[in-house]
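**Q** Dropping a structure here in structure tokens format, bear with me for questions.
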Amino acid sequence: MATRNIVPRADGEGQLGTAEKKWGEVNTNSINVADTSYPVIPTLIYSGFRRVPALDEPIGVVLVQPGGGAGIWDRVDLAGNPITVPPGYFSSRPEYQLNVTNIDSQSMVNIDKFHYARMSLPAGPYAGKQAWFINKTAFSGSEVHPAFLNNVGAEIDTFWVGAYEAFADGSTKAGSQNNKPPLVSIDFPTMVSRCSARNAS
């Protein structure tokens, strides 16, 4: 028995067709070509005008939509307006400046004090959503980041972290120097004591 063609070779053949050959028949309940009421998928990220913020004003990130792993985030200013940042912007902001300093013959990265705040956005396309802000200096509703409070709660201006993985310096101190094998096979309390010993003065 002959099988009917799916793509017709001549007019009137097959169940489906092409632009060049006419369809023999189409089996369907209805085709409504006038209906343009397709479901609208909301745009989660604001697509309007964005300004570049000044280097000394607070900038933040807002959680636009949770889920899907890390969620969907956008950058905003304190008023809730979405902002844009050009290439090189963050490397020019003072709170992102990281410098390697030599202390006690160790390569250390200094991190300077900055302020932060978590707040609900007062206005803008993300009004009411939670946002997190940082800035080099204090701003309305902000506080010093806890990393810059010492063990008695007093503010410190800078702290240092090793530029390299800790290595055994031949004493009871952890070291931070280039081209050194990392310190391994050591329990956590002993590592803490070695880092504390390096922290003297």
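**Q** Hey, can you find the accessible area per residue of segment 43-201 for me, probe 1.4 Å, expressed in square angstrom? Write out the running numbers ahead of the final one.
**A** Numbers: 9550 Å² over 159 residues.
Accessible surface, normalised per residue, equals 60 Å².
**Q** What are the residues whose amide H is under 5 Å from the amide H of Leu149, where those residues sit 5 or more places off or on another chain and H is modelled from the backbone?
**A** It is Ile156, by chain and number.
**Q** On the accessible surface of segment 38-140, probed at 1.4 Å, how many percent belong to carbon and sulfur atoms?
**A** Working: 3610 of 5980 Å².
Roughly 60 percent, rounded to a whole number.
**Q** Then there is this: Skipping prolines and chain starts, which residues have an amide H placed within reach, meaning under 5 Å, of the one on Phe159, given they are 5 or more residues away or on another chain?
**A** Ile111
The values are calculated or read from the model by the stated rules, or taken from the named source; none is laboratory data. The structure displayed is predicted, hence computed values, not measured ones. In case anyone asks, the SASA skips ligands and DNA or RNA and just uses the protein heavy atoms, side chains included. Shrake-Rupley method; radii C 1.70, N 1.55, O 1.52, S 1.80 Å.
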